[in-house]
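Since every read-out is calculated from the coordinates, none of them should be taken as a lab result. Note that the coordinates shown come from a computational prediction; the quantities given were computed from them, not determined experimentally. Cβ coordinates were reconstructed from backbone atoms using ideal geometry, including for glycine residues, and neighbour counts include every protein chain displayed.
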Amino acid sequence: MKRLLAILFCIQLINLFSCKPEMEEREIRQIGVTLCRKPAKFVSKQGFNPNKSAFSTSDAIYKGLVLVSLPNFNGDTSIKKWQHPSWSKFGWLGPITTDKDGNVYAAPIPKINTLDHKTSEINKVLKVSTETAELTLLTQLPVPDSSSQVVAYGVLGVYYDCHGDKLYVSSVSGSTRDKENGALYVLDIKDGKILDKIEGIDAMGLCVGGITGEKKLYFGSARNSSVNSIILDKAGYFKGKVQPEFTLDLLGPRGDDKARRIRFDQNGNMNIQGIEFNYSLSAQSEKPETNYLFSYNSSKKIWENKKVN
């Protein structure tokens, strides 16, 4: 009898420590909709209005990251720019995201050619300190085979999730024109440690949302026009398999756009910025962009396209 009680006690302990906290539906549906990001502390110190300024990596003159003031009123043509000395040392940059403390995350990306970015050096994530504005390496992701057949790109997507306090990164490093060798990563924002990953996926735009009643990482495929997802647990780790959500195929002026950027508005609608992408080297910022608006039909459990412009 004592042995049986001991076994039952052990089982209860295992269940207690193995159970992960569940999320309430109201909490889930606010993920991706409720804003938590704050402006970097150094923005106001440089004389910029945090509410009327933004970071850019597509400036024609400044290589890397640049802080840009937005127009104060319609017709205002005055533009103020500022760049920290460290913001250009990693060459041209691509995707940007900010966290709840104002730290900025970015990644190198080739522009027209690979003079600034060797294949062996491009697969990395960078971080700008909200306190000092210094741009440093957060983490070096796995280096691909140096074969000339691999694509010239590395990280194509970065996204900070307020709910789980995690950084999501998509990389196509190591992929070829014919083989999908990319990966999705979950990173610790403090030290860049890889907490979770899924291999064999080439993805672009990333966003975490819960409007469907499940916490999911949404991402646009870099191979085709599909928008896919994978369920996340409360802490932000991958749970389950990749599932298709919908496609941009035959929508918009080109009919084969890839989802470069995905975000939710305060009503839970999904806004997508789509571009042409086929792994060739060209300035992404100079490519025509189309905006797509999708709304979730909870009764049919499908995403419906509402607008294209």
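Taking the conditions (1) surrounded by fewer than 17 Cβ atoms within 10 Å (Cβ to Cβ); (2) more than 22 Å from Lys241 (Cβ to Cβ); (3) among the small types (Gly, Ala, Ser) in turn, Gly200 satisfies each one other than (2).
Applying the criterion of being in a loop (DSSP other than H, G, I, E, B) and of a type in the set (A, V, I, L, M) to the residues of the range 203-227, the residue that is surrounded by the most Cβ atoms within 10 Å (Cβ to Cβ) is Ala222. Only residues that are free of Cβ contacts under 8 Å to residues at least 40 places away in the same chain and assigned to a loop (DSSP other than H, G, I, E, B) were counted in the range 78-115, giving 7. In the range 179-203, the residue that is nearest to the chain's Cα centre (by Cα) out of those that are under 15 Å from Gly154 (Cα atoms) and of a type in the set (D, E, K, R) is Asp202.
The single condition from (1) more than 17 Å from the chain's Cα centre (by Cα); (2) under 25 Å from Arg263 (Cβ atoms); (3) surrounded by 14 or more Cβ atoms within 10 Å (Cβ to Cβ) that Ser86 fails is (2). The set of residues in the range 55-72 that are of a type in the set (A, V, I, L, M) and surrounded by 14 or more Cβ atoms within 10 Å (Cβ to Cβ) comprises Leu65, Val66, Leu67, Val68.
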